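Here, each number is a calculation from the coordinates, and none is a lab measurement. This is a predicted model, so every value here is computed, not measured. Neighbour counts run over all protein chains shown; Cβ positions are idealised from the backbone, glycine included.
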Amino acid sequence: MFKPSVRFWRPAARVACLALLLPGIAAANEQLDKLSQDHNQWVIPAGNYAGHRYSGLNQITPDNVKNLHVAWTMSTGSLRGHEGQPLVVGDTMFFESSFPNYVYAVSLKEPGRILWKFAPQQDKFAPSVACCDVVNRGVAYSNGVIYANALDGFLYALDAKDGSVKWKVQNADPKLGQTQTMAPLVIKNVVITGVSGAEYGVHGYVTANDAATGKQVWRAFSTGPDDQLLFDPNKTIDGATGKPVGKDSSLSSWEGEQWKLGGGTTWGWYTYDPKLNLLYYGTGNPGTWNPTQRPGDNKYSMSIIARNPETGKAAWVFQMTPHDGWDYDGVNENILTDSNIDGKNVATLTHFDRNGFAYVLDRRTGKLLSAKKFDAVVNWADHIDMATGKPVLNPAMMTKEGENVKGICPSSQGSKDQQPAAYDPNTKLFYVPTNHVCMDYQAFNVKYKAGFPYVGALVNMYPANHGDVGGRFIAFDPVSGQTKWAIDDRFQDWGGALTTGGGLVFYGTLTGEFRAVDIKSGKVLWKFKAPSGIIGNPITYTYQGKQYVAILSGVGGWAAIGLAENLTKATEGLGAVGATASLSDYTNLGGTLLVFALD
Amino acid sequence: MSKLYISTATCLLIALAGALPAHAAGTLKVCADPDYLPYSNRAGQGFENAVAETVAKAMGAKLEYVWADMRGHGGFPEYLSRNLDSGKCDVVMSMPYGNDEELTTDPYYVSSYVFVFKKDKGYNIENMNSPDLRKLKLGFEGDTPVEAGLQLRGLVTSAKSFDISESSGQSPRSTLDAVQNGQIDVMITWQPAIGAFMHDYPELTTVALPNTRATGSPEMYSFPMSMAVRKGDDALRNKLNNVIKQQKSALTGVLHQHGVQLFGDGDSASASQMANL
């Protein structure tokens, strides 16, 4: 660990910065909310509690973006996938690498100077049980503390000034198949974290720890009896019906005790509405892969849940994909905006689901207002029944035991995975990185032959229509279902988006091309080839009055299909590499932070 | 082939379901192989013997073995149908968690497939994509996730398949001998199959295979392992779950003594040591 030798806080302190030094954490939440409204900084992983990934900064514009150039860069010291983003608080940048989860505080005053570096001691088996590369999605900040999840399930509270550990607590146990990849969210006096590992039949949950001490305040499971779900059978609303969920609504959707390995993990992005005092997050696939092994709706896997962050009590729940047979995790971000619904201004939540539908819900009640396909090739369901909230299935595309079902769209990676979309309050559109990939699927079954366990599994993914477009970056209106413009890419667009008041949207491609796009026309105005493919999310901030844009490059994760050695032919072996077969022609592994500025 | 076995098992199960004997009070009837170390043998030297003893003791039950060759005619599926499904015995000690052919208990350990190679060779092998694997003579247990992983990478035709699980009387030691005598450079096999023998091969080392989705579909190389009872025998399953809960450290201890490597074993490594994992 390095001791800081430069002054930490910006001398020309903003009011908010001064406030940070004041005692009393009760106000931490309001401060964080206020801090996030200062677009000179980037203090919440998704930019603000609403998950907009928007900044009002407007120095960089369509006219001058051609002059954007690298200001400084640094290695993250880790080769694996970087799905996160830096934070900027005052004159310091904080970010976390993929496993082994180095956390850095970097000076903006002396760009790239490492003020401190934290390297957690980890359970050496954690990487072995992580399903989809040992990625990380970033740190959280509140009240002078950096909160960082390590893969082995420990949540660390680090003093933002020197990186010293204020407390640590284990919220996930790799021995049970549980790992931790998501970015925490601090709300009021609690730090909220989820869990990864549905491949292991992990019984998914969300944990709230006291921000000052680490003590567990509540834990709410995704499947099981009401008391474990923190559901009130008479008060928690089923968004699909508008009525209370009733007693043991999850238990009755499973056969026997299967809910105990029910999955419903919680590894995505979280948002929060301070006015309603509700936390929003999604749950992942149900446990055990083979749907024929788990009859029922498997509640509340594949659902959006709204909870009181202080008590964990659920206000409402909405299940997108009952009885999942495709691995369409419901963990994607829930972006909070106002929407014009039939001429009325409604407080909504917009969720681009893996299943290919863009759900717009009334975020007060979970009521379904709209669910339009955001990729025309989606064929597992014809549409979402607005009366029941349920998908109207295409029976030919339901996966079955021992049967290879061909041409299912989207693939298990979804029309969009965790790569977060951005919202622009000026155009009122969403800017969405998507996957344009379909699959042939044979469901899973865990078996044993004398002395050796194994699984039967085959998934073959390929660009839709066996074409050469694997990803599309779209400007989308979820209420009308209209795509305003789209940029086709060879591979899945697995990096997040950033919108700015300057009229630009930034994102990176799997091949490592970092782009600035005219938010109105969709024209790529500027690009830069990063050292490695991009699956991270851009941010923007100012230092000494000048606007900067930062991105983590470092390909990996489930996105980097085919990057493995010599996997160049879609037909090779079991043939599951078609989607990104030639990615290795374009990029290589390796984490780098890149910061850009105008002259 | 395996489909045929399963349907045989299911038919037998249906035929006998009405006439199954209740468990004899105070007796735990364990199906076990009389000659398949490190899992079990008649002399009680295997880790499954030790686990069975621990469980029976905790239940206050008399341990009774029903011996049968797991690798005989019809393989493991027929073994299950002739012994467990037919009611001759009531529990098998190893079954991956979540298997739907029998009723599994909660998992009592998680272990992994491993690369086994000579320490002094200095290979850089971390996962199935490690370039060194392409240059080396590989061995693997057939019909496992390892075979699928090798096939996917175009490595299977040049590798040697060891079919321990289908070769009655063959010891998993033979896979270690093959590494020891240089017949193959890297053996890829289930750690519990070879853990008990590793102390006889001090020149060899193991590296666990990480699970991955690097090629699209999930590749699973580590498995939570359970005991299994007949479908419908929830009473015994619940008793076993209680034992697994209460005897957690005893069971872990027994597995360790028999060289089974579990997830969470050992002290945490420093981040710098792990950077290459």
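Structure above, values below:
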read-out	value
Within straight-line cross-link reach of residue A:520, aspartates and glutamates at Cα separation under 17 Å, skipping those fewer than 8 residues along the same chain	A:63, A:424, A:477, A:488
Test item: Cα-centred dipole of chain A, Lys/Arg +1 and Asp/Glu -1 on Cβ, debye	1080 debye
Within the stretch B:111-208, percent of DSSP bridges classed antiparallel, to nearest 5	60 percent
Percentage relative contact order, the stretch B:111-208, counting C-alpha pairs under 8 Å, at least six apart	48 percent
Per-residue Cβ neighbour rank within 10 angstrom, fewest leading, B:40, B:112, B:171	B:171, B:112, B:40
Of A:260/A:299; A:188/A:546; A:275/A:390, pairs whose Cα-Cα distance is over 20 Å	A:188/A:546; A:275/A:390
Number of partner chain Cβ atoms within 10 Å, mean per residue of B:92-99	6
Inter-part distance where the stretch B:188-253 and the stretch A:252-310 are each reduced to a Cα centre, Å	27 Å
Cα-based reach from residue A:175 at 12 Å (exclusive), listing aspartates and glutamates while leaving out same-chain residues under 8 positions away	A:123, A:152, B:265
Packing-based exposure ordering (other Cβ within 10 Å, fewest first) of A:551, B:244	B:244, A:551
Coil-residue trypsin sites (Lys or Arg not before Pro) of the stretch A:254-361, DSSP, other Cβ within 10 Å capped at 11	A:275
Kirkwood Rh in Å, taken over chain A so that all alpha-carbon pairs contribute	23.7 Å
Of A:341, A:480, A:270, farthest towards positive along the dipole that unit charges on Lys, Arg, Asp, Glu beta carbons give chain A	A:270
